[in-house]
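**Q** Next up is a structure, given as structure tokens.
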Amino acid sequence: MNRVRLLVLNAALGPLDYRVPDDLHVEPGSVVVAPLGPRQVLGIAWESERLPGTEVPDARLRPILDVLPVPPLPAPLRRLIEWTADYYCAAMASVARMSLSSSAALRGGGTITEYRLTGVMPSRLTPQRDAAISALDGEQGTIRELADLAGVSEAVLRGLVNTGVMEPVVVDIDRAYPPADPDHAVPTLSDLQTGAADRFVDAVKARKFAPFLLDGVTGSGKTETYFEAVAEALRMGRQVLVLLPEIALTENFLKRFESRFGVPPVVWHSSQKQSERRRAWRQVAEGGAQVVVGARSALFLPYANLGLIIVDEAHEVSFKQDDGVRYNARDVAVMRGRFEQIPVVLASATPALESLQMAEAGIYEKVDLPSRFGEASLPEIAVVDLREQVPPRGRWLAPPLVAGIEERLERGEQSLLFLNRRGYAPLTLCRNCGFRFQCPNCSAWLVEHRLSKRLACHHCGHEVPSPSQCPECGEADCLTACGPGVERIADEVAQIFPDARTAVVTSDTLSNPEKIAAFVDAAESGAIDVIVGTQLVTKGYHFPELTLVGVVDADLGLEGGDLRAAERSYQQIAQVAGRAGRASKPGEVLIQTRHPDAAVIAALAAGDRDAFYAAETDARRHAGAPPFGRWAAIIVSSEDEAEAREAAQNIGRAAPRLDDLAVFGPAPAPLSLLRGRYRYRLLINARRSAALQQTIREWLDPMEFAPGVRIGVDIDPYSFV
Ligand code: ADP
Ligand code: ZN
């Protein structure tokens, strides 16, 4: 009899065995539907020797119901799913779910009906219809998608269909993408760039695992260089995955890709329309999506024929996922390269210490681009000591920075002010009674957003309209904004330079691809004089007229110092500095700080990256921190504070006593309340030789907890809150 073991897509269940009816063909990786009690579940056929479970006698096996019309998940991806679950102490089902991330795509090919405007105007024009017609000009999509887009109800659109204002169009949901041309617009690389590109191209040709660290200063042409490897993969008919840390960077990338290869790449991210996602998923699985650019979730897609992975801005912390499966896409990308036997390029101007260490150990091959392309030179960096250069009361820009902006305005050049804080002010309090606005669901202050006239929690999204009086004492006109966010800095610029055209750039203002594109166009065409932004503007952008970068508060990143605070501060400031003077005009960077002697600031000012990394490496070595030792965190949470505390204490009492591993805590998490859940943390520091994951599994697996308690394990954590 034909039997099959399934990895069932339900983290609460173990592997289950089924019978395969004669009329169905199942092989490892097949995605199937199986009965489970009265319900149905999705499962993936797996090699039974790799998925231990209890053998069920043949007579008791139930038959699977259906095999879904998608290619079986390839073996390298199955190995990646196993490795990820094992390494990050996650359920295999939760990891596999990230591969089957478009449920629509699993249902097989076919057509769907989309709608578009016909050009006919309705005889009766209501305000809603009017709004819909102007919003949907040039758009095509399902009724639901268009209703979302236009902000009207589906009924309004159905009305427009019935009156002939809109028409149905039948589209093949899985249609192929137009092919990219590797020779569309080949740049002339510098000798340095050619040397780097050749190594990547050779590695693509060799079809073997080869991890690279592309360490090139900002503006050195890292993108142009790895594009040559992309071109080679295209010529060989193999697929390429380019991981970017944020969707906001995609817009810029799309443009550059299209000018190099003639067509845009296939985009993958979580806020896409369902129809775009399913088409992308199927084309990825069938090999028709040649180059996929996406956020970290693109890493687990079932590529048919992957030939190269690029991780751009590889140092970025947003590659680390902090909920669900807590994985680091940079590290998993390297593992995928190994299972697929292909090269992986980690590109950065400020590599993570861990990556540099891997290069030093000879595990990654290091490729350097030490100077900027063409006439551009690296910017001059100077420190503004805020203890001596004091901004006027209630303001944050010190005289040298104001003078710098003024010069740029006179010359028609651009300035960029960087402050990594969204909104207007991080804290609002009542001058009369001292009341502070706090989130009811989190241990965090509410942040004032003047543009949207709201107070918002940046952890859970809780929002209230900005009040005009204190909710505690009832006094009016007594609420004071404390500290600056980017909106407040933009206000300050407007007060000093009323004619300057400023743009606030944060995830609030650039919330979708259209807004990002509009911003890039405005900045490139010189329609913006002063950009005020968060970390969102620190990377990826190339604005030729931008010659001044001001870091408003360089000390901010060092506050609440976690393990990587110094490194992250260094990276952020070096990256934002890298936006200045990228073309023929030289750039200048002014760093405002109260601690000009801090190692980070001194290294930035001296342009001495090696000194910073050397000092940081020493500090890590002494602390037994990564890459010399390893960390893991256990996060315990519950809506009931006592229940969370008790569970955390029980875990602490059951902690293993080993020579190569130390357990700290439990202690209330710095964010002790998050989204209505009370949180406790334990921190584990282990030697590299310790069997960290196995120890954690043997420690936690036998324990039992109240049903409301959630236990999260975070291997190689980036967040300590
Ligand atoms: P990085 O990613 O290292 O910051 P980019 O790849 O963005 O650098 O390159 C910086 C700028 O220089 C871009 O505008 C890019 O188009 C340009 N550039 C780099 N190399 C070349 C080249 N060989 N020929 C033409 N333009 C180049
Ligand atoms: Zn909150």
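**Q** Applying the selection to the range 504-526, what residues are out of contact with any Asp or Glu (no Cβ under 8 Å at 6 or more places or on another chain), farther than 24 Å from S270 by Cα and surrounded by fewer than 20 Cβ atoms within 10 Å (Cβ to Cβ)? Please lay out each step first, then the result.
**A** Our first condition is that a residue be out of contact with any Asp or Glu (no Cβ under 8 Å at 6 or more places or on another chain); within the range 504-526, this holds for 505-512, 514-515, 518-519, 521-525.
When the remaining residues are screened for being farther than 24 Å from S270 by Cα, the result is 521-525.
Once the filter is applied, which keeps residues that are out of contact with any Asp or Glu (no Cβ under 8 Å at 6 or more places or on another chain), farther than 24 Å from S270 by Cα and surrounded by fewer than 20 Cβ atoms within 10 Å (Cβ to Cβ), the range 504-526 yields D521, A522, E524, S525.
**Q** Among the residues of the range 314-355, what is the count of those that are aliphatic (A, V, I, L, M), outside any helix (DSSP H, G or I) and away from ligand 1 (no atom under 16 Å from the Cβ)? It would help to see each step written out before you state the result.
**A** Going residue by residue through the range 314-355, those that are aliphatic (A, V, I, L, M) are 314, 317, 325, 329, 332-335, 342, 344-347, 349, 352-353.
Among the residues that remain, those that are also outside any helix (DSSP H, G or I) are: 314, 325, 342, 344-347, 349, 352.
When the remaining residues are screened for being away from ligand 1 (no atom under 16 Å from the Cβ), the result is 325, 342, 344, 352.
Qualifying residue count for the region: 4.
**Q** So, in the range 390-410, of the ones that are touching a residue at least 40 places away in the same chain (Cβ under 8 Å) and assigned to a loop (DSSP other than H, G, I, E, B), which residue ends up surrounded by the most Cβ atoms within 10 Å (Cβ to Cβ)?
**A** Of the range 390-410, the ones touching a residue at least 40 places away in the same chain (Cβ under 8 Å) are 395-398, 400-402, 404-409.
Filter once more, so that each one left must be assigned to a loop (DSSP other than H, G, I, E, B): 395-398.
Values: R395: 16, W396: 18, L397: 24, A398: 20.
Of everything passing the filter in the range 390-410, L397 is surrounded by the most Cβ atoms within 10 Å (Cβ to Cβ).
**Q** Further question on the same structure: Taking V537 as the residue in question, decide whether it is crowded, with 24+ Cβ neighbours inside 10 Å, of a type in the set (A, V, I, L, M, F, W, C), more than 16 Å from ligand 2 (Cβ to nearest atom) and more than 21 Å from the chain's Cα centre (by Cα).
**A** Details: crowded, with 24+ Cβ neighbours inside 10 Å: yes; of a type in the set (A, V, I, L, M, F, W, C): yes; more than 16 Å from ligand 2 (Cβ to nearest atom): yes; more than 21 Å from the chain's Cα centre (by Cα): no.
Answer is no for this residue.
**Q** Are any residues in the range 356-381 in contact with a strand residue (DSSP E or B) (Cβ under 6 Å, 6 or more places away or on another chain) and more than 16 Å from ligand 1 (Cβ to nearest atom), and if so, which ones? Even if it seems obvious, please write down each step before you answer.
**A** Initial filter on the range 356-381 (in contact with a strand residue (DSSP E or B) (Cβ under 6 Å, 6 or more places away or on another chain)): 359, 364-369, 379-381.
Correct list: A359, Y364, E365, E380, I381.
**Q** Something else now. Only one of these conditions is not met by R387: (1) in contact (Cβ under 8 Å) with a residue 24 or more places away in the chain; (2) outside any loop (DSSP other than H, G, I, E, B); (3) more than 16 Å from ligand 1 (Cβ to nearest atom). Which number is it?
**A** In the conditions (1) in contact (Cβ under 8 Å) with a residue 24 or more places away in the chain; (2) outside any loop (DSSP other than H, G, I, E, B); (3) more than 16 Å from ligand 1 (Cβ to nearest atom), R387 misses (2) alone.
**Q** Sticking with this one: Could you check, for the range 667-678, whether at least one of its residues is more than 28 Å from the chain's Cα centre (by Cα) and surrounded by 15 or more Cβ atoms within 10 Å (Cβ to Cβ)? Spell out the reasoning first.
**A** The first filter runs over the range 667-678 and keeps only residues more than 28 Å from the chain's Cα centre (by Cα), leaving 667.
Restricting the remaining residues to those that are surrounded by 15 or more Cβ atoms within 10 Å (Cβ to Cβ) gives none.
No, because not a single residue in the range 667-678 is more than 28 Å from the chain's Cα centre (by Cα) and surrounded by 15 or more Cβ atoms within 10 Å (Cβ to Cβ).
**Q** Which residue out of P586, P656, P627, P596 is at pLDDT 90 or above and either under 24 Å from S415 (Cβ atoms) or aliphatic (A, V, I, L, M) (or both)? Write out each step before concluding.
**A** On the way: P586 fails: at pLDDT 90 or above; P656 fails: either under 24 Å from S415 (Cβ atoms) or aliphatic (A, V, I, L, M) (or both); P627 fails: either under 24 Å from S415 (Cβ atoms) or aliphatic (A, V, I, L, M) (or both).
So the residue among P586, P656, P627, P596 that is at pLDDT 90 or above and either under 24 Å from S415 (Cβ atoms) or aliphatic (A, V, I, L, M) (or both) is P596.
**Q** Tell me the residue from R501, R488 that is modelled with pLDDT of 90 or more, within 21 Å of G394 (Cβ to Cβ) and out of contact with any helix residue (DSSP H, G or I) (no Cβ under 8 Å at 6 or more places or on another chain), please. First the steps, then the outcome.
**A** On the way: R501 fails: within 21 Å of G394 (Cβ to Cβ).
Of the residues listed, the single one that is modelled with pLDDT of 90 or more, within 21 Å of G394 (Cβ to Cβ) and out of contact with any helix residue (DSSP H, G or I) (no Cβ under 8 Å at 6 or more places or on another chain) is R488.
**Q** Now, a different point. Quick check on this structure: which one of A614, A577 is within 27 Å of N328 (Cβ to Cβ) and surrounded by 22 or more Cβ atoms within 10 Å (Cβ to Cβ)? Even if it seems obvious, please write down each step before you answer.
**A** Details: A614 fails: surrounded by 22 or more Cβ atoms within 10 Å (Cβ to Cβ).
Just one listed residue meets the conditions, A577.
**Q** If you check every pair at least six apart or on different chains, which have Cβ atoms under 8 Å apart with a residue in the range 94-105 that is closer than 14 Å to E82 by Cβ first and a residue that is in a loop (DSSP other than H, G, I, E, B) and at pLDDT below 95 second?
**A** S94/A11; S94/G324; A96/L9
**Q** Right, another one. Keeping to the range 431-451, report how many residues are within 14 Å of ligand 2 (Cβ to nearest atom) and in a loop (DSSP other than H, G, I, E, B).
**A** The qualifying residues number 8.
**Q** Among strands (runs of 3 or more DSSP E) lying entirely in the range 483-564, which contain 1 or more residues that are free of Cβ contacts under 8 Å to residues at least 60 places away in the same chain and over 25 Å from R594 (Cα atoms)?
**A** 502-505
**Q** Of (1) within 16 Å of ligand 2 (Cβ to nearest atom); (2) buried (at least 16 other Cβ atoms within 10 Å of the Cβ); (3) part of a loop (DSSP other than H, G, I, E, B), T428 satisfies all except one. Which?
**A** (3)
**Q** If I filter the range 439-462 down to residues being surrounded by fewer than 14 Cβ atoms within 10 Å (Cβ to Cβ) and over 19 Å from T534 (Cα atoms), which single residue comes out as farthest from ligand 1 (Cβ to nearest atom)?
**A** P440
**Q** Something else about it: Would you tally the residues in the range 289-313 being part of a loop (DSSP other than H, G, I, E, B), touching a residue at least 60 places away in the same chain (Cβ under 8 Å) and either of a type in the set (S, T, N, Q) or farther than 20 Å from Q341 by Cα (or both)? If you could, list the steps in order and put the result at the bottom.
**A** Here is the first cut: in the range 289-313, the residues part of a loop (DSSP other than H, G, I, E, B) are 289-290, 295, 301-305, 313.
Now restrict to residues that are touching a residue at least 60 places away in the same chain (Cβ under 8 Å): 289-290, 301-305, 313.
Those left that are additionally either of a type in the set (S, T, N, Q) or farther than 20 Å from Q341 by Cα (or both): 290, 305, 313.
Final tally of qualifying residues: 3.
**Q** Across the range 365-384, what is the number of residues that are over 27 Å from P484 (Cα atoms), hydrophobic (A, V, I, L, M, F, W, C) and in a strand (DSSP E or B)?
**A** Selection size over the range 365-384: 2.
**Q** Can I ask one more? Of (1) within 16 Å of ligand 1 (Cβ to nearest atom); (2) in contact with an Asp or Glu (Cβ under 6 Å, 6 or more places away or on another chain); (3) in contact (Cβ under 8 Å) with a residue 40 or more places away in the chain, T223 satisfies all except one. Which?
**A** (2)
**Q** Further question on the same structure: Against the condition touching a residue at least 40 places away in the same chain (Cβ under 8 Å), surrounded by fewer than 17 Cβ atoms within 10 Å (Cβ to Cβ) and away from ligand 2 (no atom under 16 Å from the Cβ), how does D640 come out, does it pass? Even if it seems obvious, please write down each step before you answer.
**A** Numbers: touching a residue at least 40 places away in the same chain (Cβ under 8 Å): yes; surrounded by fewer than 17 Cβ atoms within 10 Å (Cβ to Cβ): yes; away from ligand 2 (no atom under 16 Å from the Cβ): yes.
Criteria met by D640.
**Q** Can you name the residue in the range 177-207 that is away from ligand 1 (no atom under 16 Å from the Cβ) and surrounded by fewer than 13 Cβ atoms within 10 Å (Cβ to Cβ) and is also nearest to V217 (Cα to Cα) among such residues?
**A** A206
**Q** So if I check each of R422, R454, which one is touching a Pro at 6+ places or on another chain (Cβ under 8 Å), within 16 Å of ligand 2 (Cβ to nearest atom) and closer than 30 Å to Y541 by Cβ? Quick ask: steps written out before the conclusion?
**A** Working: R422 fails: touching a Pro at 6+ places or on another chain (Cβ under 8 Å).
When all the criteria are applied, what remains is R454.
The values are calculated or read from the model by the stated rules, or taken from the named source; none is laboratory data. Since the structure is predicted, the reported quantities are computational estimates derived from the model, not experimental observations. Neighbour counts run over all protein chains shown; Cβ positions are idealised from the backbone, glycine included.
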